[in-house]
Amino acid sequence: MIKLTAEKEVMYLCQLFDKIEGSIYWKNLSYQYVMCNEYMLNMAGLKKEEIIGITDYCLPWKKEANKIREIDELVIFQKNY
């Protein structure tokens, strides 16, 4: 059995996520994007290095940013509906 480093595991996961036709992304506790897949980047019209550190208020869907923030809070802090 081959043991992968954490860096390689992340790289393989990112490659896998890039093949999925749906938005996959990670945010930090400040609601800033840390990583996302190619599908999400295409929707945003950005490159990977450009989305890091920005919030939904800076993206094409900024009119929906407040609702997205509410959903993020449900996920991040596991709040009840």
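Tally the residues that are touching a helix residue (DSSP H, G or I) at 6+ places or on another chain (Cβ under 7 Å) and under 21 Å from Lys67 (Cα atoms), restricting the search to segment 36-54.
4
Met35 is checked against (1) surrounded by 16 or more Cβ atoms within 10 Å (Cβ to Cβ); (2) modelled with pLDDT of 95 or more and fails just one. What number does that condition carry?
Every condition holds for Met35 apart from (2).
Determine, yes or no, whether Lys3 is exposed (fewer than 11 other Cβ atoms within 10 Å of the Cβ) and in a helix (DSSP H, G or I).
Judged against the criteria, Lys3 is not a match.
Do we have Lys48 as without any contact (Cβ under 8 Å) to a residue 24 or more places away in the chain and either crowded, with 16+ Cβ neighbours inside 10 Å or over 30 Å from Ile2 (Cα atoms) (or both) here?
no
Would you call Leu74 open to solvent by less than 80 Å² (accessible area, probe 1.4 Å) and touching a Leu at 6+ places or on another chain (Cβ under 9 Å)?
No, not satisfied.
How do the pairs read when you match residues in segment 62-79 that are more than 15 Å from Ser23 (Cβ to Cβ) with residues anywhere that are open to solvent by less than 100 Å² (accessible area, probe 1.4 Å) and aromatic (Phe, Trp, Tyr), using Cβ under 7 Å and keeping only pairs 6 or more apart or on different chains?
Between residues of segment 62-79 that are more than 15 Å from Ser23 (Cβ to Cβ) and residues that are open to solvent by less than 100 Å² (accessible area, probe 1.4 Å) and aromatic (Phe, Trp, Tyr), the close pairs are Arg69/Tyr31.
The values are calculated or read from the model by the stated rules, or taken from the named source; none is laboratory data. This is a predicted model, so every value here is computed, not measured. Every residue, glycine as well, gets a Cβ built from its backbone with ideal geometry; the counts of neighbours run over all protein chains shown. Accessible surface is based on the protein model in full, side chains and every heavy atom, while ligands, DNA and RNA are left aside. Shrake-Rupley method; radii C 1.70, N 1.55, O 1.52, S 1.80 Å.
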